[in-house]
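First comes the structure, then the notes that go with it.
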Amino acid sequence: MVIEDPTEKGIRKALNFGHTVGHAVETNSLINDGDPLTHGEAIAIGMICEAYLSYKKTGLKKEELDEIVEVISGLYPKYPLKTADFVTLCEIMLKDKKNQNGKINCTLLENIGKCTLDHICTDAELCESLAFYAAL
């Protein structure tokens, strides 16, 4: 994918799944936590949040969302996301290089193994996905 799309204008964007939310969580953790999350831990949180967004926006089946949550939760410990940080996380996401015209852009899933690119997500949708993770 990287060789096929070196400028990240097409298929390579599939690799961004989980990274919009994950990079914001990672940045916030680096700033605020004494023992910050690793990149992988943060992206795992992002993958759960973006799988939830996929369930709400692109037709990912509930069973597939549940499977993603189960697999990732079995590999990574739960991180205590605070509701008070949700606005800050959205502000961080707004600075992401993948955004278009000042709108937060995510790679989502139609189903496990099939990404769909360039989905604009609102702050409300992103906060809902963060709340979904926090409630697990």
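One quarter of the convex hull surface, Cα atoms only: what value does that give for the chain in nm²?
Details: hull surface 31.9 nm².
Spelled out: convex hull of the Cα atoms, projected over all directions, averaged, 8.0 nm².
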Answer in debye to the nearest 20: the dipole magnitude of the chain about its Cα centre, from +1 Lys/Arg and -1 Asp/Glu charges placed on Cβ, is 340
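So how do ASP35, ASP123 line up by other beta-carbon neighbours within 10 Å, fewest first?
Values: ASP35 5, ASP123 15.
Sorted ascending by nearby Cβ count, the order is ASP35, ASP123.
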Karplus-derived 3J(HN,Hα) from phi for region 38-54 (6.51 cos²θ - 1.76 cosθ + 1.60, θ = phi - 60°), whole Hz, x at Gly and Pro, runs 6, 4, x, 4, 5, 5, 4, 4, x, 5, 5, 4, 6, 5, 4, 4, 5
Of the listed links LYS57/LYS114; LYS82/LYS103; LYS78/LYS114, those spanning more than 18 angstrom between alpha carbons are LYS82/LYS103; LYS78/LYS114
Dipole check, the chain, charges on Cβ (K,R +1; D,E -1), about Cα centroid: among GLY34, LEU60, ALA84 the Cα furthest to the positive pole belongs to LEU60
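Note down the net charge around LEU65, summing +1 for each Lys or Arg and -1 for each Asp or Glu among other residues with Cβ under 11 Å from its Cβ.
Numbers: positive: LYS56, LYS61, LYS62; negative: GLU50, GLU63, GLU64, ASP66, GLU67, GLU70.
Local charge sum for LEU65: -3.
Bear in mind that the values in this text are calculations on the coordinates, not laboratory data. Source: prediction; values computed, not measured. Cβ atoms come from the backbone with ideal geometry, glycine included; neighbour counts cover every protein chain shown.
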